[in-house]
Amino acid sequence: MTKSPVIPGFLPTLGVTLFALSLIVLLPIVALFLRASGLDWHQFLAAAFSPRVLAAYRLSFGGALIAAAINSAAGLVVAWVLVRYDFPFRRLIDALVDLPFALPTAVAGIALTALYAPNGLFGEFLLRFGVTVAFTPLGVIVAMIFIGLPFVVRTVQPVLQDLAPEHEEAALSLGANPWQVFHRIILPAILPALVTGFALAFARGLGEYGSVIFIAGNMPFVSEIAPLLIVTKLEQYDYTGAAAIATVMLLVSFALLLIINSAQKWRQIRLSGG
Amino acid sequence: MRTSPLRDSTPVRLALIILALSVLGLFLVAPLLVVFGEALARGVDAYVAALADPETQFSIRLTVIVAMITVPLDLVIGVSIAWCVAKFDFRGKSLLTTLIDLPFSVSPVIAGLIYVLVFGLHGWLGPILQAHDIHIIFALPGIVLATLFVTFPFIARELIPLMEQQGTEDEEAAVVLGASGWQIFRRVTLPNVKWGLLYGVLLCNARAMGEFGAVSVVSGHIRGRTTTMPLQVEILYDDYNFVAAFAVASVLALLALVTLAVRSVFEWRYARELAAEGRA
């Protein structure tokens, strides 16, 4: 059953793991589902899918989808450049990619707002072209790009690094042009990682709160994200309403986790030559 | 850097490098610089005065206390997870690792909400807690719990790939030589993963100190009682006290930069150790 029956410590560490996981993560989530299940079907629909909540889902899902798509493209370019090219400060820049992991979301939120507000450095420039970013849905997307970027870079980068050069050499010697090599050899190999990165960035954008609420302006029906609605419901002591919205979002998170898991299995099958 | 047989032409190479640097510059470097620029906009005196404010001082103390409670707990949990996942095979392992990653894909707001539903006044245990005058929500324990939820997977995530890569042969040899479990971990496993562990702890610490959404939901924003640094940033910002908001933010940004610097050092040391092993 165990890979290494000789090594001690399996039961105690598994015990700590399961205990902590149940107490900190699983039981509270069960409490959430129970609270939402206290509603009958019509009440649930009314709480989780009212017009204002639907508008918030549209913004959260749409924004996270667009941001994850942009991040997949931008993240692939960043990973490609970091793995394949040499240029000054490459290692420093490589380290910087993790910034959104380490920088608190509230800090990112006020910094992005200061940049993209109409009187900010970027905001003023964009305003000349009639584009307002801060306090519009566009601002939501900018914040989601910020927090999602490292997920794509960090999942694609190691796969790109481990790519066997032989396949590329073979393709080149058989007369393929560089675009064909990328499109037919490299892209299929990194696709599972790219899908994983996309799903991770999407999940993160969907649930993101701190960096978005400062730049979004939070106008109902326009720039109000779903997590903010949960907070609003809580502040009105509408616990069940908050639980209903949270249940919908949590189910989406589970679905995304399943996709991420399958993409990783797909990658393992590819790696083992299947 | 690896040598690639696919030699991209110089224009392609330059265009891609410029594209990548612009993305990183616009989305990562610019916000970072703005934090420090705005914090020092009124000079160093205003910056220092903002950080010396009693409410801000309180938020710094509270943040440190929260991190001092959560990070050691995360360390024990993270090492336990990594040990049983990386060194053993068992049924349900892939389900377990999926569940461990759950906090990554759950909204921090939901992380806060679930504890309000359990421990809040109208929650599962609310009436019992109130009868015994125990405060969890809108108090330190709630903040600690919400922070634990959010930081739960970080250390394990850093350790698992390193420990898997390392295999189990060294540990098995140690068992044969009569080492105890704790000795094996301290003398055999730990030296191989120490840099990864250090980075995991620092990242976990940065996240614990910087968590906003989850803490915001459970804290109640009671000024001078339950405001951690990120919440203090929000309060000051909403008061239009921008210099002070960015001053507090700059402290958190510095913490993030230190975390990233340690990661770079760790990767550099790790690469050097690998190279040294290769020569030996």
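The values are calculated or read from the model by the stated rules, or taken from the named source; none is laboratory data. On a predicted model such as this, the values are computed, not experimentally measured, just so you know. Here Cβ is always computed from backbone atoms with ideal geometry, including for glycine, and neighbour counts include all displayed protein chains. Quick note on the areas: whole protein, heavy atoms, side chains included, nothing else; ligands and nucleic acids left out. Shrake-Rupley method; radii C 1.70, N 1.55, O 1.52, S 1.80 Å.
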More than 25 Å from A:P220 (Cβ to Cβ), in the same structural domain as A:V252 (by TED's automatic domain parsing) and open to solvent by 20 Å² or more (accessible area, probe 1.4 Å), is that true of A:F89? yes
Identify, please: which residue in the range B:219-231 is hydrophobic (A, V, I, L, M, F, W, C) and at the interface with chain A (Cβ under 10 Å from one of its Cβ atoms) and is, among those, surrounded by the most Cβ atoms within 10 Å (Cβ to Cβ)? B:M229
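Hey, among A:F49, A:F33, A:F10, which residue is among the hydrophobic types (A, V, I, L, M, F, W, C), facing chain B (nearest Cβ under 7 Å) and open to solvent by 30 Å² or more (accessible area, probe 1.4 Å)?
Going through A:F49, A:F33, A:F10 in turn, the sole match is A:F10.
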Look through B:V150, B:V116 and report the one residue that is crowded, with 19+ Cβ neighbours inside 10 Å, within 25 Å of B:R61 (Cα to Cα) and within 20 Å of the chain's Cα centre (by Cα). B:V150
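Quick check, is A:Y237 among the aromatic types (F, W, Y), out of contact with any His (no Cβ under 6 Å at 6 or more places or on another chain) and open to solvent by less than 20 Å² (accessible area, probe 1.4 Å)?
no
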Which residue, of B:I160, B:I155, is in contact with a Gly (Cβ under 6 Å, 6 or more places away or on another chain) and either farther than 29 Å from B:V118 by Cβ or in a helix (DSSP H, G or I) (or both)? B:I155
Restricting attention to the range B:254-272, does a residue exist that is out of contact with any helix residue (DSSP H, G or I) (no Cβ under 9 Å at 6 or more places or on another chain) and away from every other protein chain (no Cβ under 12 Å)? yes
Looking at (1) in a helix (DSSP H, G or I); (2) within 28 Å of B:F212 (Cβ to Cβ); (3) more than 9 Å from chain B (Cβ to nearest Cβ), which is the only condition A:A95 fails? (3)
Does the range B:128-142 contain at least one residue that is within 10 Å of chain A (Cβ to nearest Cβ) and either touching a Cys at 6+ places or on another chain (Cβ under 8 Å) or of a type in the set (A, V, I, L, M) (or both)? no
Taking the range B:115-127, which residues are in contact (Cβ under 8 Å) with a residue 12 or more places away in the chain and either assigned to a helix (DSSP H, G or I) or within 7 Å of chain A (Cβ to nearest Cβ) (or both)? B:Y115, B:V116, B:F119
Going residue by residue through the range A:195-216, is there one that turns out to be closer than 21 Å to B:G210 by Cβ and without any contact (Cβ under 8 Å) to a residue 40 or more places away in the chain? no
Per-region count, the range B:260-280, residues open to solvent by less than 30 Å² (accessible area, probe 1.4 Å) and touching a residue at least 60 places away in the same chain (Cβ under 8 Å): 1
Counted residues, the range B:85-108 - those being more than 30 Å from A:I225 (Cβ to Cβ), touching a Phe, Trp or Tyr at 6+ places or on another chain (Cβ under 7 Å) and surrounded by 23 or more Cβ atoms within 10 Å (Cβ to Cβ): 0
Here the residues within the range B:30-40 that are more than 7 Å from chain A (Cβ to nearest Cβ) and either at positive phi or in a helix (DSSP H, G or I) (or both) are B:L33, B:F36, B:G37, B:A39
Could you figure out which of (1) closer than 29 Å to A:V6 by Cβ; (2) within 10 Å of chain A (Cβ to nearest Cβ) isn't true of B:L198? (2)
Looking for something touching a residue at least 24 places away in the same chain (Cβ under 8 Å) and not in a helix (DSSP H, G or I) - is there at least one such residue anywhere in the range A:27-39? yes
Is it the case that A:D86 is within 11 Å of chain B (Cβ to nearest Cβ) and among the charged types (D, E, K, R)? yes
Quick one: which helices (runs of 4 or more DSSP H) sit completely within the range A:120-199 and have at least 2 residues that are touching a Ser or Thr at 6+ places or on another chain (Cβ under 9 Å) and buried (at least 16 other Cβ atoms within 10 Å of the Cβ)? A:121-127, A:137-162
